[in-house]
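I have placed the structure first, in the form of structure tokens, so that the comments after it can refer back to it.
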2 protein chains.
Amino acid sequence: MTHYNFYIFVCRIRYFCLVLKKKSLSDIRFDPNQFVPGHSVDCVIIGFDREGLKVLVMKWKGPEMFCLPGGFVLVDEDLDKAAIRVLKERAGIELPFLEQFSTFGRVDRRDDFTLAHNLKTIKLPESTMQWFEQRFITTGFVSLVDMSKCDPNPDLMSESIGWYGIDELPNLIFDHRSIVKAAVQYLRNQINYLPIGITLLPEKFTMKELQHLYESILEKKLDRGNFQRKMLKLGIFNRHEKHWEGGAHKAPYLYSFDTEKYQNLLEKGIGFVS
Amino acid sequence: MTHYNFYIFVCRIRYFCLVLKKKSLSDIRFDPNQFVPGHSVDCVIIGFDREGLKVLVMKWKGPEMFCLPGGFVLVDEDLDKAAIRVLKERAGIELPFLEQFSTFGRVDRRDDFTLAHNLKTIKLPESTMQWFEQRFITTGFVSLVDMSKCDPNPDLMSESIGWYGIDELPNLIFDHRSIVKAAVQYLRNQINYLPIGITLLPEKFTMKELQHLYESILEKKLDRGNFQRKMLKLGIFNRHEKHWEGGAHKAPYLYSFDTEKYQNLLEKGIGFVS
DNA sequence: ATTATAATGTGTCATAAATACACAATAAAT
DNA sequence: ATTTATTGTGTATTTATGACACATTATAAT
């Protein structure tokens with residue numbers, strides 16, 4: 001282990017000890033030297049239920065401020081690994097893979113001074129204040145998750161964490177609202193040529209749920225019969241037993257997503273021109 | 001003008017004076033304080049001619065090193081504006097809009113030490129060395145240009161600038177080769193659902209040229225008749241007079257891209273599902 | 001001048017896909 | 001037993017795709 005790596009190692013140990021011991025927002029210290037200055041990551045974790053698309057949003061301890069789970073990049077850490085770690089530390093969610101969708105680098109992207117103002121009221125040390133006051137360029141990462149399999153927990157800096165409807169977001173700090181919008185737009189573009197989004201559903205799902213998901217992302221109604229046929233013709237689903245939900249109607253089949261068949265489809269290619 | 005802004009102003013003036021006066025690489029000084037630390041931009045400018053897709057690449061003065069036109073972000077400058085300025089300063093090309101496609105943040109992305117080594121041989125001041133030795137996260141920007149309308153000129157740090165075939169790149173520093181590959185992959189994904197790339201061609205072009213462009217990006221042969229019909233059915237082209245090039249064959253029509261019709265098409269939407 | 005050549009614009013036709021709508025099947029409520 | 005809401009699938013029409021053909025056109029070769 002080199003001298004430099006040892007230094008990093010000590011920094012991180014110190015950091016984790018602090019995080020584990022302290023409880024209140026103003027008690028939390030952290031050493032800015034362990035982080036890459038000026039760059040952050042923000043995670044847009046998207047879920048889906050009967051009501052539509054949801055985003056995972058945190059609330060700070062104390063002030064009435066909401067934000068995306070985000071954080072900083074360790075000096076010895078790849079950018080995409082930082083996103084994975086930050087999500088784990090701040091939201092308690094472990095995802096093996098997050099997809100980068102855009103980097104936000106406007107000078108005025110943090111010109112909402114709510115956070116800075118609130119941090120002042122809780123009297124943080126000068127070095128911490130300076131850290132938060134610097135300009136940050138942030139890279140947005142997105143992931144689609146099965147909400148029922150996801151148990152988010154707020155970190156020590158946060159009072160709560162929860163799912164908010166994509167059109168019912170609370171007041172997010174900085175440009176976090178436009179980061180969410182950009183993530184959803186990114187999805188909408190993707191879905192036009194790839195049957196993504198299946199990870200938003202539970203393992204087994206009905207065609208109606210899948211259609212509802214597509215309608216939520218595309219924001220338009222689709223024909224039921226044609227949707228079903230088109231999806232099944234992709235050949236990436238397995239049909240399972242029927243599913244009763246307790247309604248005065250016929251029971252629908254359950255389907256699951258077949259990763260292997262999906263790989264075959266990708267290799268075949270889905271193109272705009274022949 | 002605030003005290004802070006005045007400081008920035010002075011920095012920039014000093015910087016430009018230095019750049020304009022000095023000639024040799026080791027004479028060039030710059031003040032790292034005017035830049036955001038740790039973040040850079042790199043431009044992948046893509047052109048197209050009979051031989052296929054080309055990328056704009058610069059060669060350093062002295063050492064046998066090639067790189068993308070890239071640079072740093074001023075402290076009072078938006079990230080996308082930085083890309084536009086850097087391209088202007090380094091390549092002499094003015095483009096009003098560059099498209100961000102990905103951010104590269106691996107710790108080891110600059111672990112090719114050619115540049116650092118070569119900078120040492122020309123004895124730069126310590127502050128400059130430290131600046132170049134820090135970790136950089138870089139955001140890649142891409143633009144498709146009409147090569148015939150583009151007259152690149154190397155800046156004072158560079159010996160030459162030129163177009164290189166996408167499969168005949170010289171040895172690029174750092175991860176610049178994978179940045180180019182990522183940009184081309186980005187294009188390939190885009191073209192699957194949007195008729196982009198028209199900006200790579202001159203104002204008026206033949207269907208054969210357009211088809212050749214598509215074949216270059218998609219790396220596969222397309223049927224001539226079907227390609228022509230599909231493109232014309234999009235309704236985004238205007239037909240003009242015929243064009244003689246001096247060959248033993250029928251003269252083809254010239255076409256131009258109609259921005260307004262294209263907007264209509266976008267509003268109508270081009271979707272994977274109905 | 002005539003013929004050959006190479007590339008272009010467009011046509012044809014079989015096949016596949018998309019769209020709009022219909023109808024029987026099913027399970028629970030009445 | 002009947003009604004109701006919802007599901008799986010069918011059908012008929014329209015539209016798109018893919019492979020190939022053929023006439024057209026400007027130049028080159030003879």
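The values are calculated or read from the model by the stated rules, or taken from the named source; none is laboratory data. Just so it is clear, the structure is predicted and the values come from calculations on it, not from any experiment. Every residue, glycine as well, gets a Cβ built from its backbone with ideal geometry; the counts of neighbours run over all protein chains shown. The protein model used for the area step is the full one, side chains on, heavy atoms only, and it has no ligands, DNA or RNA in it. Shrake-Rupley method; radii C 1.70, N 1.55, O 1.52, S 1.80 Å.
The table below gives the values:
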| read-out | value |
| --- | --- |
| Only listed residue being within 16 Å of DNA strand C (Cβ to nearest atom), more than 16 Å from B:Ser256 (Cβ to Cβ) and of a type outside the set (Asp, Glu), chosen from B:Arg188, B:Arg224 | B:Arg224 |
| The range A:39-53 - residue that is modelled with pLDDT under 95 and touching a Gly at 6+ places or on another chain (Cβ under 7 Å) and, of those, least open to solvent (accessible area, probe 1.4 Å) | A:Gly52 |
| Meets criteria (within 26 Å of A:Ile166 (Cα to Cα), open to solvent by 70 Å² or more (accessible area, probe 1.4 Å), within 10 Å of DNA strand D (Cβ to nearest atom) and at pLDDT 85 or above) for A:Arg229 | no |
| Residue satisfying condition, being at pLDDT 95 or above, of a type outside the set (A, V, I, L, M, F, W, C) and open to solvent by 20 Å² or more (accessible area, probe 1.4 Å), within set A:Asn153, A:Asn171 | A:Asn153 |
| Boolean, A:Ile196 is in contact with a helix residue (DSSP H, G or I) (Cβ under 8 Å, 6 or more places away or on another chain), at pLDDT below 85 and closer than 24 Å to A:Lys149 by Cβ | yes |
| Members of the range A:182-191 that are within 16 Å of A:Gly70 (Cβ to Cβ) and either surrounded by fewer than 16 Cβ atoms within 10 Å (Cβ to Cβ) or more than 14 Å from chain B (Cβ to nearest Cβ) (or both) | A:Ala183 |
| Qualifying residue in the range B:31-43 (condition: in a strand (DSSP E or B) and more than 14 Å from every other protein chain (Cβ to nearest Cβ)) | yes |
| Qualifying residue in the range B:116-128 (condition: of a type in the set (Asp, Glu), open to solvent by 30 Å² or more (accessible area, probe 1.4 Å), under 23 Å from the mean Cα position of the chain (by Cα) and away from chain A (no Cβ under 14 Å)) | no |
| Strands (runs of 3 or more DSSP E) completely within the range A:85-193 that count 1 or more residues being within 15 Å of A:Val41 (Cα to Cα) | A:99-104, A:137-144 |
| Residue selected from the range B:60-78 under the condition at the interface with another protein chain (Cβ under 9 Å from one of its Cβ atoms) and in a loop (DSSP other than H, G, I, E, B), by the criterion most open to solvent (accessible area, probe 1.4 Å) | B:Asp76 |
| Yes/no for A:Val57 being more than 14 Å from every other protein chain (Cβ to nearest Cβ) and open to solvent by less than 10 Å² (accessible area, probe 1.4 Å) | yes |
| Meets criteria (farther than 30 Å from A:Phe257 by Cβ and in contact with a Ser or Thr (Cβ under 8 Å, 6 or more places away or on another chain)) for A:Ile179 | no |
| Residue check for A:Phe132: among the hydrophobic types (A, V, I, L, M, F, W, C), in the same structural domain as A:Pro69 (by TED's automatic domain parsing) and open to solvent by 50 Å² or more (accessible area, probe 1.4 Å) | no |
| Tally of residues being farther than 11 Å from A:Leu68 by Cα and open to solvent by less than 30 Å² (accessible area, probe 1.4 Å) across the range A:159-168 | 2 |
| Meets criteria (in contact (Cβ under 8 Å) with a residue 60 or more places away in the chain and at the interface with chain A (Cβ under 10 Å from one of its Cβ atoms)) for B:Leu194 | yes |
| Single condition A:Phe72 does not satisfy, out of (1) at pLDDT 95 or above; (2) under 14 Å from the mean Cα position of the chain (by Cα) | (2) |
| Number of positions in the range B:79-108 that are open to solvent by 50 Å² or more (accessible area, probe 1.4 Å), over 13 Å from the mean Cα position of the chain (by Cα) and not charged (D, E, K, R) | 1 |
| Filter result for A:Phe272 (at pLDDT 90 or above, within 16 Å of DNA strand C (Cβ to nearest atom), out of contact with any Gly (no Cβ under 9 Å at 6 or more places or on another chain) and among the hydrophobic types (A, V, I, L, M, F, W, C)) | no |
| Unique residue being more than 29 Å from the chain's Cα centre (by Cα), more than 12 Å from every other protein chain (Cβ to nearest Cβ), modelled with pLDDT of 80 or more and more than 10 Å from DNA strand D (Cβ to nearest atom) when the list is B:Tyr262, B:Tyr253 | B:Tyr253 |
| Tally of residues being acidic (Asp, Glu) and in contact with a Lys or Arg (Cβ under 7 Å, 6 or more places away or on another chain) across the range B:205-246 | 1 |
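The rows are residues; the columns are (1) outside the structural domain of B:Leu53 (by TED's automatic domain parsing); (2) within 10 Å of DNA strand D (Cβ to nearest atom); (3) surrounded by fewer than 16 Cβ atoms within 10 Å (Cβ to Cβ); (4) in a loop (DSSP other than H, G, I, E, B).
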residue	(1), (2), (3), (4)
B:Lys208	yes, no, yes, no
B:Gln211	yes, no, no, no
B:Tyr214	yes, no, no, no
B:Lys220	yes, no, yes, yes
B:Gly225	yes, yes, yes, no
B:Lys233	yes, yes, yes, no
B:Glu241	yes, no, yes, no
